[in-house]
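Data block below; observations after.
Readers should treat all values here as calculations from the given coordinates under stated rules, not as data from a laboratory. Here the structure is a predicted model, which means the values were calculated and not measured. Please note: Cβ atoms are built from the backbone with ideal geometry, for glycine as well, and neighbour counts cover all protein chains shown.
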Amino acid sequence: MVDLSFVIEPVYIVTIFFFIIGLQRMSHPLTARSGIVWAGAAMLIATLVTFFTPNLTNIALIAIAIVIGGGFGYIAAKRVGMTNMPQMVALYNGMGGGAAAAISAVVLLGPATAITGSLAVVGGLIGAVSFSGSLIAFLKLQGWMPSRPVTFAGQQIANMTVLVLAIVSGVFVILQPSWIPLSVSIYLPLFFILALGFGLLMTLPIGGADMPVVISMYNAFTGLAVALDGFSFATPNYAMIIAGVIVGAAGSLLTLRMANAMNRSLTNVLFGAFGATEEQAAQVSGSVKAIEADDVAVMLAYADRVIIVPGYGMAVAQAQQKVKELTDLLMSRGVQVKFAIHPVAGRMPGHMNVLLAEAGVAYDHLFDRDEVNPEFPSTDVVLVIGANDVVNPAAHRQGSPLFGMPILDVEQARNVIVLKRGQGKGFAGIENDLFYRDNTKMLYGDAQETVGKLVQALKKL
Amino acid sequence: MIEITAFWTAIYIAMLAAFTGYVVISRVPAILHTPLMSGSNFIHGIVLVGAMVALGLATTATEQVIGFIAVVLGAANVTGGYVVTERILQMFDRSGKKPGKGA
């Protein structure tokens with residue numbers, strides 16, 4: 001075969017250029033769509049020219065592996081519903097982390113120096129943690145394991161012990177000192193088992209509500225692991241280093257932003273076991289009052305200002321289309337309708353925006369928490385559709401596990417209608433004071449059905 | 001083996017890349033957080049090229065098996081990450097084309 005390896009570096013440079021342009025375009029609403037196309041084209045050419053790597057063997061195996069992995073990734077991503085996107089990001093991120101860990105293993109099995117070996121060990125550790133951690137996040141969000149935090153006595157000591165043991169095994173793998181117990185070849189698998197174990201243990205105590213932050217963190221981890229692997233090759237792979245570091249930096253910033261949006265520190269997210277304990281003696285008074293759809297329709301029809309607060313329940317029920325219909329009906333009657341989007345409504349920042357955009361709700365009807373909060377006192381009806389924790393006034397009460405989280409102050413509106421499937425608690429597992437307020441009425445049922453009923457009732461008015 | 005000078009060059013590059021990542025993200029509106037997380041998830045799919053090299057240079061059966069796993073996982077990261085991001089962004093596109101919304 002003709003030696004075409006000279007094209008690799010130039011193409012990698014173009015790849016990185018396209019990646020950065022792609023990311024930049026993805027950061028603006030108008031150009032976002034084209035951003036992924038740029039990045040995708042870059043990935044494609046980078047993959048193709050990598051086949052020209054000098055002395056590359058096992059080419060058939062590589063092709064088969066790409067078809068298997070690529071086929072799975074493509075089909076699974078095409079099939080899942082929009083609601084399940086957050087856990088799919090977790091799943092694919094975990095796979096990237098797993099790939100990084102496996103690359104480290106191959107590097108460490110080969111002739112590694114102290115420097116490349118150390119880089120491979122650190123990359124392997126981070127990649128393996130990202131792999132097992134992301135899979136737990138995926139299982140929790142998918143509902144294949146309980147999303148509540150799993151805690152036990154001495155948990156943090158146990159976790160730290162596993163991490164320290166993993167690091168010690170990693171050091172043994174690099175230095176291979178003569179005095180260590182057991183044969184040297186045991187330590188490489190041991191290192192990876194401990195690293196995977198740490199990722200698992202670290203994610204178990206984190207509750208479902210915090211998962212977006214955690215997924216974003218593991219995303220940054222995978223980026224870092226990829227960069228370290230790029231360093232650990234005999235000839236450094238700059239495409240991996242640059243792309244990995246960019247994702248690591250961007251991902252870290254995104255993670256902090258998300259934690260900020262919930263007014264929590266990253267430490268608190270990771271070690272707080274948020275929502276694990278039941279709040280002692282709930283100081284809620286009053287009773288929960290139910291209401292019928294027809295009555296709500298009348299209320300809405302004769303209101304001047306309505307604010308809709310969507311949450312995960314709307315996503316689960318796929319109610320966004322009906323919500324859009326309802327909005328159009330109300331607007332045609334001259335009612336002013338706004339959407340209040342809490343930064344962490346749903347399972348990811350921007351989750352609600354995406355769903356509403358899908359249904360065709362225009363951007364200029366969506367408002368951030370800070371913009372919309374002053375408007376609640378002058379609002380006639382607030383329609384809370386499947387949101388819970390983000391409207392829980394308990395966040396203003398010292399001692400509540402939610403204390404300090406910035407919420408939407410819907411309780412200040414004249415009437416609050418909460419659409420809810422049942423009497424369950426929110427994702428954080430905390431009783432919602434709002435439901436007991438005098439101006440709050442509960443409209444029980446599946447969000448899509450209920451909003452459908454509202455639409456029907458409104459049409460008859 | 002990686003040369004010491006090459007090592008430091010790589011460190012310089014990594015530092016500049018970190019700034020790039022920071023700057024590109026720093027002014028992003030909250031509504032794009034999800035697609036952006038998904039997009040950067042796709043970009044670290046570049047791990048695929050490393051996996052290909054690892055498998056391509058593997059000599060023992062153990063290395064081949066692990067390298068194979070690396071390529072499978074890396075390829076899934078790439079295609080899955082692309083499709084998920086594409087699907088999320090598709091929705092933004094549709095609403096952007098809505099009539100009566102002057103830019």
When you look at the Cβ of every residue in A:108-121, what mean number of other chain Cβ atoms sits within 10 Å?
2
Taking Cα atoms, how many degrees apart are the long axis of helix A:155-175 and the longest axis of chain A, rounded to 10 and kept between 0 and 90?
20 degrees
Relative packing of peptides A:332-339, A:384-391 - highest average C-beta neighbours within 10 Å first:
A:384-391, A:332-339
Points 7 angstrom from Cα along the Cβ direction at A:His365 and A:Leu30: gap in nanometres?
2.3 nm
Candidate aspartates and glutamates for bridging to A:Lys338, where Cα separation is under 13 Å - those fewer than 8 sequence places away on the same chain excluded
A:Asp304, A:Asp328, A:Asp364, A:Asp368, A:Glu371, A:Glu375, A:Asp380
Rounded tilt (10° steps) of A:114-142 against the dominant C-alpha axis of chain A
30 degrees
Taking only Cα atoms, what is the 0 to 90° angle, nearest 10, from helix A:8-26's long axis to the longest principal axis of chain A?
10 degrees
Per-residue Cβ counts within 10 Å, from other chains only, averaged over A:216-229: what number is that?
4
Highest mean first, what order results for B:41-50, A:80-89 on Cβ atoms within 10 Å?
B:41-50, A:80-89
State which entries of A:Lys78/A:Lys322; A:Lys289/A:Lys459; A:Lys322/A:Lys459; A:Lys289/A:Lys324; A:Lys324/A:Lys459 exceed 18 angstrom in Cα-Cα distance in the structure shown.
A:Lys78/A:Lys322; A:Lys289/A:Lys459; A:Lys289/A:Lys324
Quick calc: nm separation of the 7 Å Cα→Cβ label points for B:Tyr22 and B:Thr9 -> 2.5 nm
